[in-house]
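First up is the structure itself, then whatever we jot down about it.
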Amino acid sequence: MQYATITGWGKCVPPATLTNHDLATFIETSDEWIKPRTGISQRHISHVDTSELASVAAKRALAAAGIDGSELDMIILATATPDTLIPNIASTVQANIGATCAAFDINAACSGFLYGLGLGSSQIRSGQCKKVLVIGAERLSFFLDWSRRDTAVLFGDGAGAVVLEATDEAIGVLGYELNNDPDGRDILKAGFGTAMDRFEASSLDFYIEFNGQEIFKRAIAGMGKLSTKVIEKCGIDKEEIDWVIPHQANERIIDTLISRMKIPKEKAVVNIANYGNTSAATIPIAICDALEQGKIQPNQMILSCAFGAGLTSAAALIKWGDRVTPIATSDAELPPCDKTGIELVAKAVKHFCG
């Protein structure tokens, strides 16, 4: 049987940041209010399109794997914030990295990266593909109404990517579970799409809306259920898990999830303080950070889970391979940014906050 193992990884976060103190200059909030409730200290604001973030992360992941874009058999790009709906932005990344293969976007919101990881691993297990690039990339700042404190403090921009390669060893993605709960699809949404009246100016005031309490409850239930299911499906004990890499939506959600699963908090990778919620990008960014910090070691067992609009949920069990350092590094960089985070959002802040 073929398995899909992660051989390359890369992240890209834009240089401009918006701190909690910056937010307090235009909405009624403070670091003292935001940090204890969310765990967030700052978030990155992009000066480029989602596809550029994705392309840099992809190039870094390819270099880490020691392969060229032309060797890929498939590109799966998870995003809820593409530059364009037609064409998909996986095709933009494909052009930027010199790939000639299947390429498509998926929108499973915050669960998107794990959906892509599952789909990519299945393509490899079936023998259809040997090398698959999976990307999670978001520019959520585009969708924010900066006058709404409940969402303005939560989200940020960024991208992360991994390369999956076929192996005969029982490593890599050992199992995954995907689910969706349509009964709750209206508790987290943004009114952008063909349901809009394109001739009505007010329709352009689309923004992310959510019911925080309901999301908190359903996120813990959804991630917990699928995490337990994938652990049981793979026939391992919770004690064998070395790291839990959850979606970084809210540190309170992570703490509650870990506690209910009876997994020690020190096994959770938590980096939300520096990035906020970057939706589909949170898990691949967290994987990169954990590797950079020397947390992930060869042959360790990693549980990853996510929850997002739809309401999607996903979980995957990954046995890491032998290599925890990149084969090579890429010189890919975003174009320079000459603005601060506050300057980048100034036009939107004026529109929404007056």
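The values are calculated or read from the model by the stated rules, or taken from the named source; none is laboratory data. The model shown is predicted, which means the values in this text are computed figures rather than measured ones. Please note: Cβ atoms are built from the backbone with ideal geometry, for glycine as well, and neighbour counts cover all protein chains shown. Side chains included, ligands, DNA and RNA excluded: accessible areas come from the protein's heavy atoms. Shrake-Rupley method; radii C 1.70, N 1.55, O 1.52, S 1.80 Å.
Details
- Rounded if a/c under 1.5, otherwise prolate or oblate - region 201-354, Cα gyration tensor axes: oblate
- Each DSSP beta bridge with both residues in the chain is either parallel or antiparallel, and the antiparallel ones are about 70%.
- The heavy atoms of Asp205 present about 70 square angstrom of accessible area, all protein chains included, probe 1.4 Å.
- A crude spin-label estimate for the pair Glu28 and Arg185, with each label 7 Å from Cα along the Cβ direction, gives 3.5 nm.
- Gain upon complete extension [Ser70, Arg148; 0.36 nm per residue less C-alpha separation]: 23.7 nm
- From most to least packed by mean Cβ count within 10 Å, the peptides 50-56, 95-101 give 50-56, 95-101.
- Viscosity 1.567 mPa s, 4 °C: Kirkwood-radius Stokes-Einstein D of region 62-181 over Cα pairs, µm²/s: 84
- Student exercise, region 94-197 dipole from Lys, Arg, Asp, Glu Cβ charges, in Debye to nearest 20: 200
- With the helix formula -39500 (n - 2.57) applied to DSSP H stretches of n ≥ 4, the chain reaches a computed 222 nm mean residue ellipticity of -9500 deg cm²/dmol.
- Ranked packing of 172-183, 153-164, most packed first, by mean Cβ within 10 Å: 153-164, 172-183
- Basic side chains Lys and Arg get +1 at the Cβ, acidic Asp and Glu get -1 at the Cβ, and with that the dipole of the chain about its Cα centre reaches some 560 debye.
- Note on Glu209 and Cys353: the model spin-label points, each 7 Å out from Cα along the C-beta direction, lie 2.3 nm apart.
- Spacing of the modelled spin labels on Ser259 and Ala95, each 7 Å from Cα toward Cβ, amounts to 5.0 nm.
- Cα-based helix-to-principal-axis angle, 282-292 vs the chain, degrees rounded to 10: 60
- Paramagnetic reach from Phe216 (point 7 Å along Cα→Cβ, amide N under 18 Å) across region 116-153: 149-153
- Angle in degrees between helix 112-125 and the longest Cα principal axis of the chain, rounded to the nearest 10: 20
- Mean Cβ neighbour count within 10 Å, used as a protection proxy, ranking 85-94, 270-279 highest first: 270-279, 85-94
- Helix axis angle, 341-353 relative to the chain longest principal axis, alpha carbon, degrees: 50
- Taking amide H atoms as placed 1.01 Å from N in the peptide plane, the amide H of Cys129 lies under 5 Å from those of Ile124, each 5 or more residues away in sequence or on another chain.
- When the P(r) of the chain is calculated, the portion above 31 Å amounts to 28% of the C-alpha pairs.
- Other-chain or far-sequence residues with amide H under 5 Å of Glu209's (modelled H): Lys189, Ala190
- Vicinal HN-Hα couplings computed from phi for region 136-153 (Karplus, 6.51 cos²θ - 1.76 cosθ + 1.60; Hz; Gly/Pro x): x, 9, 8, 10, 5, 4, 5, 9, 8, 8, 6, 8, 9, 4, 4, 9, 4, 7
- Accessible surface of His351, taken over heavy atoms with a 1.4 Å probe and every protein chain present, rounds to 110 Å².
- A straight line joining the Cα centroids of region 204-265 and region 284-354 runs 17 Å.
- Reciprocal of mean inverse Cα separation for region 1-139 (Kirkwood radius, Å): 16.3
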